[in-house]
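Structure first, commentary second.
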Amino acid sequence: MTGIAAFALGLSAARSIKGQTWAGDNTLFEPTNPVAITAPLICVYAGRGRSELRDKALDFAGDARLRFEVFLPPAFTAGGVTFNNEASQSLVFALIWRQILAALTVQQAPWPNVFREILIRTHALECERDLFEPIKGQKIPVAVYELWGETVADPPLGEAAAGVWTDFVAAMAGDTAELAGLASLFSAQILGEGGALPDWQVAMGALGMTNEETQAIGLGPAVPANTLAATDLADDAAAQEIVTLTIDPLP
């Protein structure tokens, strides 16, 4: 899964769970820099893997793979309880995952609402436990949850943001200054630098069709009225000429 829908799915998931779990604000969307694990940390990734396409319609590559990596420090305290052994850490992972699910599925706010609009169905959930070694000799417990499903298609080429994409832009605009700046860029690039495309080109791009296939189903650039009239007259004349030449008298 690649493209805008993947980005939107991952970002909306990360922003939905930020501040809603024991990790607090220590929730990152696709981090690229090393991070110190001194408290629970959640990293969210989206857009990796393989998508099934429908003919040549690249915009419909909607197979979703959403990944949550939950890291715990060697000792962690919550609710007056310190968790520092394998059994208690397993419980912490289970409870943090439950907090993630609550934030994504029942929380009422712009970001989780957008997340639920983008993710239209789920197929499977995989979970793995491991030890992560940030530095040699130090190992940190990590639980990895991968959610497999399907998203809405990317926005059509050459059309202004509409539907869920309007909600996505609004959520970005109401968030941090960085995301507000990205909202403007996102809206402009959705439409495209050349502005809105004609409906037939939007359909052509969405369906992955050639010019000939598009014209075969009656779509294409509009033809001026005077051109149509001249063509019709020429066709009529040709048809009459053919009829005159091909009718022979009976013997």
Would you be able to tell me the number of residues in region 19-46 that are surrounded by fewer than 20 Cβ atoms within 10 Å (Cβ to Cβ), in contact with a strand residue (DSSP E or B) (Cβ under 7 Å, 6 or more places away or on another chain) and either of a type in the set (A, V, I, L, M, F, W, C) or within 12 Å of W111 (Cβ to Cβ) (or both)?
5
How about region 158-182: which of its residues are hydroxyl-bearing (S, T, Y) and under 17 Å from the mean Cα position of the chain (by Cα)?
T166
Quick one: F93 ticks every box in (1) more than 15 Å from P141 (Cβ to Cβ); (2) surrounded by 14 or more Cβ atoms within 10 Å (Cβ to Cβ); (3) at pLDDT 80 or above except a single one, so which number is it?
(1)
Taking region 124-159 and keeping only residues that are within 19 Å of Y45 (Cβ to Cβ) and out of contact with any strand residue (DSSP E or B) (no Cβ under 8 Å at 6 or more places or on another chain), one is left with D154
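Condition check ((1) surrounded by 13 or more Cβ atoms within 10 Å (Cβ to Cβ); (2) more than 21 Å from G10 (Cβ to Cβ)) across all residues:
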{"position": "F83", "(1), (2)": "yes, yes"}
{"position": "Q89", "(1), (2)": "yes, yes"}
{"position": "N113", "(1), (2)": "yes, no"}
{"position": "I118", "(1), (2)": "yes, no"}
{"position": "L131", "(1), (2)": "no, yes"}
{"position": "V164", "(1), (2)": "yes, no"}
{"position": "A170", "(1), (2)": "yes, no"}
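The values are calculated or read from the model by the stated rules, or taken from the named source; none is laboratory data. Model, not experiment: these values are computed from the prediction. Every residue, glycine as well, gets a Cβ built from its backbone with ideal geometry; the counts of neighbours run over all protein chains shown.
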